[in-house]
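Engineer: First, the structure itself, so that you have it in front of you.
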Amino acid sequence: MRSLFFWLITITLLATGDHSSFAAEELYLVDLRETPGKILQVQDVSWSRNPVLRPAYIRPAGDIYTIAFHGNGSAYFVDLSHRNIYSTNGLTEKRIFSFATPIQDLDFDSRGRMYFSAIGGDEGVIYHLNHHTDNTTPFVTLPFRSLADQTGGFWNGYFAISPSDKLFLSIDNPQPGGSSLYAYRGGQMQKRFTHRERITGFTFVDENTIYFTNSSNRVYEVRNFSDVSVRHEERAGRMLNDVELLKVPEQGTCTISGRLRGGNEFWSSTSVQALGPNVVWRTSPGSSVRISSDGGYILRNLPNGRYRISTDIRGDTMAGFEPRERWLNCGTTISNIDFSFSR
C-alpha cells in the first residue's frame, strides 16, 4: 500500500475570495478544435518527458478564437462567432463587448489599453476599446487595396503590439504562400519577417522575441526577426490558433518566507509559489522558489496583496492530492509560512 503524505500549512493571516488561475511567465494556447473552448496552459510536469497542455479555463459553452492577457492576469478572448469579447479570471466569464462587424484579434498596449481588429467590406480597422464604457475609437484603418499594393498580400486581422507600443500585422502572402510580419507606422508597411507557413496568432515576449502559431500543432519562436525555432510542439491534429505569454507583474515590497519541515529528501525537488495578486508570482522567469539545503525558502519583492502559498507537490506524486488552500494578506514581511508532512 502506498504511503500517504499529509501536508499542513501553518499560516497566521488568512483570507478568502476569487483569484485567477493564470500563472505568470507561462504560455497559453487556443486550439480551434476544442469544444467547448479552452485556454490551454503549456505546463512542465515531472511525470512527462515533454510539456503537456493543462486547461486553465474551460467555457461552459461556446468556443474560443483568440486570446489576450491584461497586465493584472485577467484573460480576454473572442468567441468563434467573432461578435463578442469576454473576460475571465479562470473561474467564471462575462461578456464585456459585442460588435456588429466580425472581431478577429485583440491585444493590450504597455498602458493596459485594449485594442481589437474588425474586418468587413473593403477594409479592416483596429479599434481602441474602453471596455468600461463600451466606447470604441478607430485607431488604425487599413484599406485592403492599399495593403495589397504595399505587400502583395492580404491582412487576416491578426495583430500584436510590441512592448514599445509598435503595431505589427500578420499578412498572408500570395504564392508560394505563408505569411509575413510587418511593422505598421503612418500608413507605411515594413516587412520584418517571413515564414513558409501561415501565421495566425502571435505575441511579443520582448522587443526582439516573438511567439506565433500556424493553425497546426506548433508554436514557433522568432528572435531578432530572423532566427526561428520550435518553441512547443503538440500531437498531430491540433489547430493552434493563438499564443499568449502572461508577463511577470511589477515588483513590490512584500516578502514571504518559511520552511519545509521533515522529509529532507524533497528539499532538492520541491518548490514554493505564491498565487496572487491575480497571477502566480515567479521570482525568475519560468521557475518557482526552490527549497534550500536547510529546508527554507524566501520570496522577495512581491506586489502587495492577497496570496495563496503552496508547493508543487500535486497529483504527480504518490500523495495524489494538493495541499489545502491557505491565503494571506501581505504588505511587508510575513515569515514562518511552513509546510510539514508525516507518513
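The values are calculated or read from the model by the stated rules, or taken from the named source; none is laboratory data. As the structure is a prediction and not an experimental result, all values here were calculated from the model. Because the Cβ atoms are built from the backbone with ideal geometry, glycine has one as well, and the counts that use them run over all protein chains shown.
Engineer: Just for the range 186-200: of the residues that are in contact with a strand residue (DSSP E or B) (Cβ under 7 Å, 6 or more places away or on another chain) and part of a strand (DSSP E or B), which one is surrounded by the fewest Cβ atoms within 10 Å (Cβ to Cβ)?
Structural biologist: Among residues in the range 186-200 that are in contact with a strand residue (DSSP E or B) (Cβ under 7 Å, 6 or more places away or on another chain) and part of a strand (DSSP E or B), the one surrounded by the fewest Cβ atoms within 10 Å (Cβ to Cβ) is Gln190.
Engineer: Now, a different point. If the requirement is being at pLDDT 60 or above and of a type in the set (D, E, K, R), which of these qualifies: Asp316, Asp312?
Structural biologist: After ruling out the rest, the residue left standing is Asp312.
Engineer: Within the range 142-159, track down each residue that is modelled with pLDDT of 95 or more and either among the polar types (S, T, N, Q) or assigned to a loop (DSSP other than H, G, I, E, B) (or both).
Structural biologist: none
Engineer: Which is within 26 Å of Glu25 (Cβ to Cβ) and not in a loop (DSSP other than H, G, I, E, B), of Tyr115, Tyr182?
Structural biologist: Going through Tyr115, Tyr182 in turn, the sole match is Tyr115.
Engineer: Arg198 fails exactly one of the following numbered conditions: (1) among the charged types (D, E, K, R); (2) farther than 21 Å from Leu167 by Cα; (3) touching a Gly at 6+ places or on another chain (Cβ under 8 Å). What is the number of that condition?
Structural biologist: The failed condition is (2).
Engineer: Mind counting the residues in the range 77-96 that are at pLDDT below 95 and of a type in the set (A, V, I, L, M, F, W, C)?
Structural biologist: 3
Engineer: Restricting to the range 201-255, name every residue that is assigned to a strand (DSSP E or B), acidic (Asp, Glu) and under 19 Å from the mean Cα position of the chain (by Cα).
Structural biologist: Once the filter is applied, which keeps residues that are assigned to a strand (DSSP E or B), acidic (Asp, Glu) and under 19 Å from the mean Cα position of the chain (by Cα), the range 201-255 yields Asp206, Glu221, Glu233, Asp242, Glu244.
Engineer: OK, next. Pairs, please: C-beta under 9 Å, at least 6 apart or cross-chain, first residue outside the structural domain of Arg83 (by TED's automatic domain parsing) and in the range 125-152, second among the hydrophobic types (A, V, I, L, M, F, W, C) and modelled with pLDDT under 95?
Structural biologist: Final answer for the pair search is none.
Engineer: Now for a separate question. Could you say which residue among Phe108, Phe116 is over 19 Å from Ser226 (Cα atoms), touching a residue at least 24 places away in the same chain (Cβ under 8 Å) and in contact with a Leu (Cβ under 6 Å, 6 or more places away or on another chain)?
Structural biologist: Going through Phe108, Phe116 in turn, the sole match is Phe116.
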